[in-house]
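Below is one structure, written out as structure tokens; comments come after it.
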Amino acid sequence: MLKMFSTQLSGLFKRIQDKEEEMEDTARLLAQAIVGKGKIYLMATNEMEGVIYEAIEGPEPLFQAARWNKKDNFLNIAPNDRFLLISRTSQDYGLLEFAKKLYEQHIPFAAISTIMSNEKGIHEFADIHIDLALKKGLLPDENGNRFGNPSLIGALFAYHGIKFTLNEIISELDL
């Protein structure tokens with residue numbers, strides 16, 4: 001089972017890697033905060049909080065990153081601040097309302113999630129969206145159902161792709 005999961009996970013990584021252009025665009029958007037002495041605010045729901053822990057508490061923290069709390073005030077957002085929203089699905093109502101507010105306030109942000117349907121989602125409001133394309137689990141069970149949904153692993157992979165590109169941009173700018 002682990003070998004099959006590993007094979008499927010490699011396929012997931014390849015699909016996310018094919019979104020390299022979106023990861024580069026996200027890195028450029030976040031670099032605007034660094035160059036402009038702003039903050040990169042991160043907001044996630046459920047298991048996707050793991051990306052925030054990696055970005056802030058991990059061995060290689062993200063430049064100028066801060067966790068955005070729902071209690072934080074929109075009035076404290078500076079013009080050079082940028083956001084990265086992370087959720088399992090783009091219809092995550094906990095982040096969808098927040099994404100709408102960012103959009104309405106013309107605050108640039110990127111998002112990482114899976115687009116599940118044609119319903120309104122975070123992806124419609126984000127300046128850049130990286131679709132994890134994890135609509136179902138990677139492994140089949142005996143009844144034809146699917147299990148093994150590595151949404152956090154996929155989001156961490158996308159995050160690292162963004163961070164590596166951001167590091168390159170910052171080193172080229174000699175900041």
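Can you compute the modelled spin-label distance between residue 170 and residue 4, with each label point 7 Å from Cα toward Cβ, in nm?
Label at residue 170, label at residue 4, 4.2 nm between them.
Distance check, please: which entries in 19/136; 37/71; 39/135 exceed 29 angstrom between their Cα atoms? All intermediate terms of the calculation are to be shown ahead of the outcome.
Values: 19/136 19 Å; 37/71 23 Å; 39/135 32 Å.
Among 19/136; 37/71; 39/135, the Cα-Cα distance tops 29 Å for 39/135.
Check residue 81: other-chain or 5+ apart residues with amide H under 5 Å from its amide H, H built from backbone geometry?
39
For region 11-105, how big is the tail of P(r) above 18 Å, as a whole percent of Cα pairs?
On the way: 2324 of 4465 pairs.
Of the Cα pairs, 52 percent sit more than 18 Å apart.
At a 1.4 Å probe, what is the % contribution of carbon and sulfur to the accessible area of region 130-175?
After summing per-atom areas, the C and S share lands at 51 percent.
For the chain, what does the helix formula give at 222 nm: sum of -39500 (n - 2.57) over DSSP H segments with n ≥ 4, over the residue count, nearest 500 deg cm²/dmol?
On the way: 6 runs with 80 residues, N = 175.
Using -39500 (n - 2.57) per qualifying helix, the result is -14500 deg cm²/dmol.
Go through region 16-25 residue by residue and turn each phi into a ³J(HN,Hα) via Karplus (6.51, -1.76, 1.60, θ = phi - 60°); whole Hz please, and just put x for glycine and proline.
Whole-Hz 3J(HN,Hα) from phi for region 16-25: 5, 4, 5, 9, 4, 4, 5, 5, 5, 5.
Sequence-distant or interchain residues sharing an amide H contact under 5 Å with residue 129, placed H: which?
Amide H neighbours of residue 129: 111.
For region 109-126, just list the computed ³J(HN,Hα) in residue order, Karplus coefficients 6.51, -1.76 and 1.60, θ = phi - 60°, integers in Hz, with x standing in for Gly and Pro.
7, 10, 9, 10, 5, 9, 7, 8, 7, 7, 4, 4, x, 3, 4, 7, 9, 6
Would you mind computing the Rg to Rh ratio of the chain from its alpha-carbon coordinates, Kirkwood style for Rh?
On the way: Rg = 16.3 Å, Rh = 16.6 Å.
Computed over Cα atoms, the ratio is 0.98.
For a Förster distance of 22 Å, can you work out the FRET efficiency between the beta-carbons of residue 47 and residue 100, rounded to the nearest 0.05? Walk me through the numbers on the way to the answer.
Values: r = 23 Å, r/R0 = 1.04.
The computed FRET efficiency comes out at 0.45.
Please turn the phi angles of region 40-47 into ³J(HN,Hα) values with the Karplus equation 6.51 cos²θ - 1.76 cosθ + 1.60 (θ = phi - 60°), one per residue in order, whole Hz, x for glycine and proline.
The phi angles translate into 9, 8, 10, 9, 9, 10, 6, 5 Hz.
For residue 120, what residues show an amide H to amide H distance below 5 Å, using hydrogens built from the backbone and excluding near sequence neighbours?
Here the answer is none, since no amide H 5 or more places off falls under 5 Å of that of residue 120.
If each of residue 13 and residue 133 carries a label point 7 Å out from its Cα toward its Cβ, how far apart are those two points in nm?
1.7
Output the peptides 107-118, 144-155 sorted from most to least packed, where packing is the average of other Cβ atoms within 10 Å over each peptide's residues. Can you show the working numbers first?
Working: 107-118: 20.7, 144-155: 16.4.
Per-residue Cβ counts within 10 Å, averaged per peptide and sorted highest first, yield 107-118, 144-155.
Given the convex hull over the Cα atoms of region 3-44, what projected area results after averaging over all orientations, in nm²? Don't jump to the answer; show the numbers that get you there.
Details: hull surface 15.9 nm².
Answer in nm², one decimal: 4.0.
The values are calculated or read from the model by the stated rules, or taken from the named source; none is laboratory data. Being a predicted model, the structure only gives us computed values, none of them experimental. A quick note on method: Cβ atoms are made from the backbone with ideal geometry, for glycine too, and the neighbour counts reach across all protein chains shown. For accessibility, only protein heavy atoms count, side chains too; no ligands or nucleic acids. Shrake-Rupley method; radii C 1.70, N 1.55, O 1.52, S 1.80 Å.
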